[in-house]
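The values are calculated or read from the model by the stated rules, or taken from the named source; none is laboratory data. All of these numbers come straight from a predicted model, not from anything done at the bench. Reconstructed Cβ throughout: ideal geometry from the backbone, glycine too, with neighbour counts over all protein chains shown. Each accessible area value is taken on the protein alone, full model and side chains, heavy atoms only, with ligands, DNA and RNA left out. Shrake-Rupley method; radii C 1.70, N 1.55, O 1.52, S 1.80 Å.
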Amino acid sequence: MKLTLSTMLAVLMLVVMPAQAGDTPAPEEAYLYIGWPNDGEVIRTGGGKPFRVWFGLRHMGVAPAGIDVPNTGHHHLLVNTPVPPLDEPIPADDNHIHFGLGQTQTQLTLPRGQHTLQLIMGDHAHIPHDPPVVSRKITVTVQ
Amino acid sequence: MIQLLTRGIFAALLLVSAPTFAQNTPAPPNAELYIIWPPDGEVIQGGRLWVRMGLKNMGIAPANIQKEGTGHHHFLIDTDVPPLDEPIPSDNNHIHFGGGQTEARLTGLEPGEHTLQLMLGDHDHFPHDPPVVSEKITIIVAPY
């Protein structure tokens with residue numbers, strides 16, 4: 001009986017949850033962008049020094065990870081990686097940097113060369129919203 | 001024994017320091033609040049603008065959420081820093097961003113000079129200890 005119930009639940013979840021986005025709604029007009037650097041920016045840090053990246057967000061608020069408040073989420077910076085699956089928690093590694101304390105900017109150190117940067121909001125459980133709140137992907141060159 | 005002693009010392013410490021305890025939520029000493037945009041002295045045509053709020057070495061949490069190292073933004077318009085031992089007032093000169101917002105659309109500023117300043121408040125809208133306050137800037141609103 002227990003097995004049947006959990007099987008039914010699993011089937012239900014498969015039917016109800018299309019594998020496109022998380023469950024947490026985001027405002028349609030939410031707008032996420034990288035305030036600095038600009039797309040195409042040449043950053044002359046020599047590759048060893050950090051530079052500031054600030055996160056722009058309109059029509060939505062910031063909350064630390066683990067905090068479930070409507071119309072909020074926390075920032076994740078994608079470095080040299082495409083947007084991850086939208087129905088799973090955003091990975092946490094060197095390419096997916098979490099700002100679970102509600103930070104709205106960071107100091108980033110990258111080696112010389114071309115890099116892509118992109119922001120994505122995650123909900124209290126690090127899963128992208130519905131619709132996903134993602135910035136434009138930009139390219140910067142560290143010299 | 002060591003544990004007991006530690007407890008004793010801890011209790012004594014609490015007793016000694018209790019009277020000087022600030023009520024305010026502690027903030028990291030290196031926290032820095034600043035207005036990303038507009039810059040000081042900016043001329044704004046028509047009095048409608050987006051204001052971008054910058055915060056270093058601290059995070060944002062919505063009002064009523066108590067989490068170490070966080071707070072939420074308050075905009076002080078044409079007013080001075082309010083008393084530090086009371087909740088930040090909520091009126092046309094003290095605008096709260098309890099939803100964890102980091103940008104805001106300001107509208108309806110009359111032509112002339114206006115001062116803008118940011119202040120972080122804790123879950124109860126009290127300033128932190130030390131208070132996290134930005135520089136005060138002046139913008140000039142020009143009529144269309």
Query raised in the report: What is the list of residues in region B:95-133 whose amide nitrogen lies under 14 Å from a point 7 angstrom out from the Cα of B:N64, following Cα to Cβ?
Result: B:98-100, B:123-125
Query raised in the report: Can you tell me the Rg and the Dmax, both Å, for the Cα atoms in the protein assembly as shown?
Result: 22.2, 76
Query raised in the report: Tally Lys/Arg at +1 and Asp/Glu at -1 over every other residue whose Cβ is under 10 Å from the Cβ of A:Q107; what's the total?
Result: +3
Query raised in the report: Between Rg and the Kirkwood Rh of region A:37-143, both from Cα atoms, what is the Rg to Rh ratio?
Result: 0.97
**Report entry** Neighbour net charge for A:A26 - beta-carbon separation under 13 angstrom, K R +1, D E -1
**Finding:** -4
Report summary line: Contour minus Cα-Cα span, B:D91 to B:K136, at 0.36 nm per residue, comes to 14.4 nm
Query raised in the report: Per residue, how many Å² of accessible area does the protein assembly as shown show with a 1.4 Å probe?
Result: 53 Å²
Query raised in the report: Hey, can you rank B:48-56, A:135-143 by average C-beta count inside 10 Å, highest first?
Result: B:48-56, A:135-143
Query raised in the report: So, counting K/R as plus one and D/E as minus one, what does the shell of residues with Cβ under 15 Å around B:L116 add up to?
Result: -4
Query - Chains B and A, summed buried accessible surface - 1.4 Å probe, Å², nearest 100 - result: 1600 Å²
Query raised in the report: What length, rounded to one decimal in nm, is gained on full extension from A:D68 through to A:D93, with 0.36 nm per residue of separation minus their alpha-carbon distance?
Result: 6.7 nm
